[in-house]
Amino acid sequence: MLDLALHVRDHLLLAGAALALALLAGLPAGVWAARSDRFRQLALGTINVGRVIPSLAVLALMLPLLGIGFWPALVALTLLAVPPIAINTDIGLRGVPAAMVEAARGLGMTQGQVRARAEWPLALPVVFAGVRTATVEVIASATLAAFIGGGGLGEYILNGLAEADTQQLLEGAVSVSILALGAEALLGALERRLSTSVWGPA
Amino acid sequence: MIAGGVPVRLEEIHVRYPGADRAAIDGVSLSIEGGALVVLLGPSGCGKSTLLRTINGLVAPQSGRILIDGREITGVAPEQLRRGIGYVIQAVGLFPHMSVAQNIAVVPELIGWDAAKIRTRTDALLELVRLDPTRYRDRLPRQLSGGEQQRVGVARALAAEPRLLLMDEPFGAVDAIVRLALQDELRRIHEALGTTMLFVTHDVDEALRIADQIVVMRAGQVVQYGSPLHVLARPATPYVAELLDAADSVRRLQLLRSGDAMRPLPSAGAAAGWPHVDAAHTLREALSRLLDGADCVAVDRGDTVAGVLTFDDVRRALAAAA
């Protein structure tokens, strides 16, 4: 049981680190895309090409560059998590009604105040939806890290498969499912509250 | 609350948007008295909104000078300028994540009023626009009707006691009955505060109802500037005559008061059986009574009959106003 707790910790550590990096890259990319049509097209093109490559293949492609272990898994998971965050940030900011920005400017808000008091609060529910998607994807996909020695709950599944040990296999699979479903439920509830506080009950 | 409005002066304003083949504002000069309610009237694309937006710095003219209360606005930081000028737009633009009170408090907070003063001010403003503070203060914009939202929009624009209020088709999105009520409210507020108000609309009836002065615009230029009656009676160009449907005499009657056109009663008690209008009612209403079949209409001031109107009196008043 202690062993399971350690694997859960490693799994969440990997997923959490990937998510943090993805936020650092995805939020600014989304903001930039919302302000520049040219960057948006470039970013969307890159993301669409990137999405065609399966996660497992990305892991494999990391091998010659970063070897095996935690780091290549981290890079692969970060790449997986950036698109939903960046895309939703772009959509959220672009979706702020022009009248809101016009009113905010007309009332005498500075550029920074317009962003902090009008644009971001209104965009936040959509941005958060992207973060939720990314979180669930990363928790689920962190299972694959075990293929390249990245640790986490995927080890149970790999070992279970290799040793035909159904119990071990299920321990891993069920744990990952609970983590992913739990994150989905928690963040989904948060997202609905956010959205309701801005736009009212759906 | 507050008293007075500032004069506004525009001198040779030119605006050309990037990539446009003609100027949006083509040499407009305009002098607006402090405390006047001036309507900028014209069809879409005539430049009326653009002209309004040059005054609070949302549009920067390529050339020309704008003076508010005698001071040129170039050189004033645009945010500072806008905090001193009320601004209402058709889409209202209330922030959906803020309560009514928080929306109204936006500008007072930006300029650093203390909480107690903001609270007092917010309630006073809600009363001014005839929304019960205890009922409306904590509501969210989505819980209000279109007309109520625009009342809050007006309250928000007046929050920091501006002496100039700019309104860009503020009542364009509400239904006809609510629009009439809001127009009356605006006149009442204008009379109570004396704020200089610039009001953009393409609705001729709205312009005639509320304006002290009308600025008729076309293709980025001012075609005529005068009182509603003057513009209707003496349209400067065929365009103005057509836009205002100035040949429509009934429209002009809307601008004339029954009390100003009536004659004294021939004898006390002569009004028995006549239909009545109030002295403050327009001649259009008096005409309507006459068309219903009466030869004479009694004009009331308060509870007493003050005078009489016939078809000839209405016609005479119309001719005198031309």
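The values are calculated or read from the model by the stated rules, or taken from the named source; none is laboratory data. Keep in mind the model is a prediction, meaning the values are calculated, not measured. Ideal geometry is used to build each Cβ from the backbone, glycine not excepted, and the neighbour counts take in all protein chains shown.
Identification of helices (runs of 4 or more DSSP H) wholly contained in the stretch A:30-102 with 3 or more residues that are under 14 Å from the mean Cα position of the chain (by Cα) and within 21 Å of A:VAL198 (Cβ to Cβ) yields A:70-94.
Screening the candidates B:ALA236, B:ALA247, B:ALA268 for the property of being closer than 25 Å to B:LEU198 by Cα, aliphatic (A, V, I, L, M) and surrounded by fewer than 16 Cβ atoms within 10 Å (Cβ to Cβ) yields one hit, B:ALA236. Residues in the stretch A:31-56 that are touching a Leu at 6+ places or on another chain (Cβ under 6 Å) and surrounded by fewer than 16 Cβ atoms within 10 Å (Cβ to Cβ): A:LEU56 only. For the stretch B:125-132, the criterion of a residue being buried (at least 17 other Cβ atoms within 10 Å of the Cβ), away from chain A (no Cβ under 12 Å) and in a loop (DSSP other than H, G, I, E, B) is satisfied by at least one position. Checked against the criterion of being surrounded by 19 or more Cβ atoms within 10 Å (Cβ to Cβ) and either over 30 Å from B:ILE85 (Cα atoms) or more than 13 Å from chain B (Cβ to nearest Cβ) (or both), the candidates A:LEU65, A:LEU59 yield just one match: A:LEU59. The sole residue among A:LEU124, A:LEU158 that is surrounded by fewer than 22 Cβ atoms within 10 Å (Cβ to Cβ) and away from chain B (no Cβ under 14 Å) is A:LEU158. Which condition number does B:PRO43 fail, the rest of (1) more than 14 Å from chain A (Cβ to nearest Cβ); (2) part of a loop (DSSP other than H, G, I, E, B); (3) buried (at least 21 other Cβ atoms within 10 Å of the Cβ); (4) touching a Leu at 6+ places or on another chain (Cβ under 8 Å) being met? With (1) more than 14 Å from chain A (Cβ to nearest Cβ); (2) part of a loop (DSSP other than H, G, I, E, B); (3) buried (at least 21 other Cβ atoms within 10 Å of the Cβ); (4) touching a Leu at 6+ places or on another chain (Cβ under 8 Å) applied to B:PRO43, the lone miss is (3). Whether any residue in the stretch A:90-113 is farther than 22 Å from B:ASN103 by Cα, among the β-branched types (Val, Ile, Thr) and touching a Leu at 6+ places or on another chain (Cβ under 9 Å) is what I want to check. Taking every residue of the stretch A:90-113 in turn, none turns out to be farther than 22 Å from B:ASN103 by Cα, among the β-branched types (Val, Ile, Thr) and touching a Leu at 6+ places or on another chain (Cβ under 9 Å).
Only residues that are surrounded by fewer than 23 Cβ atoms within 10 Å (Cβ to Cβ) and at positive phi were counted in the stretch B:193-225, giving 2. Scanning the stretch B:46-59 for residues that are part of a loop (DSSP other than H, G, I, E, B) and either among the basic types (Lys, Arg) or within 13 Å of chain A (Cβ to nearest Cβ) (or both) yields B:ASN56, B:GLY57, B:LEU58, B:VAL59. Considering (1) out of contact with any helix residue (DSSP H, G or I) (no Cβ under 6 Å at 6 or more places or on another chain); (2) within 14 Å of chain B (Cβ to nearest Cβ); (3) among the small types (Gly, Ala, Ser), the lone condition that A:SER177 does not fulfil carries the number (2). Where strands (runs of 3 or more DSSP E) sit wholly within the stretch B:156-257, those with at least 2 residues that are touching a residue at least 12 places away in the same chain (Cβ under 8 Å) and either more than 14 Å from every other protein chain (Cβ to nearest Cβ) or under 26 Å from B:ARG284 (Cβ atoms) (or both) occupy B:196-201, B:213-218, B:221-226.
Evaluated against (1) in contact with a Ser or Thr (Cβ under 6 Å, 6 or more places away or on another chain); (2) away from chain B (no Cβ under 14 Å), A:GLY151 falls short on exactly one condition, (1). The residue that is surrounded by the fewest Cβ atoms within 10 Å (Cβ to Cβ), among those in the stretch B:282-314 that are under 31 Å from the mean Cα position of the chain (by Cα) and farther than 23 Å from B:SER267 by Cα, is B:LEU291. Just to be sure before I move on: is B:ARG71 surrounded by fewer than 17 Cβ atoms within 10 Å (Cβ to Cβ), away from chain A (no Cβ under 13 Å) and modelled with pLDDT under 95 in the structure I sent? Yes. Mind checking whether some residue in the stretch A:99-117 is of a type outside the set (Ser, Thr, Tyr), more than 14 Å from chain B (Cβ to nearest Cβ) and touching a Gly at 6+ places or on another chain (Cβ under 8 Å)? The answer is no, given that none of the residues of the stretch A:99-117 is of a type outside the set (Ser, Thr, Tyr), more than 14 Å from chain B (Cβ to nearest Cβ) and touching a Gly at 6+ places or on another chain (Cβ under 8 Å). Taking each residue of the stretch B:81-95 that is within 7 Å of chain A (Cβ to nearest Cβ) and looking for partners that are assigned to a loop (DSSP other than H, G, I, E, B) with beta-carbon atoms closer than 6 Å, six or more apart or interchain, yields B:ARG82/A:GLY108; B:ARG82/B:ASN56; B:ARG83/A:GLY108; B:ARG83/B:ILE111; B:TYR87/B:ASN56.
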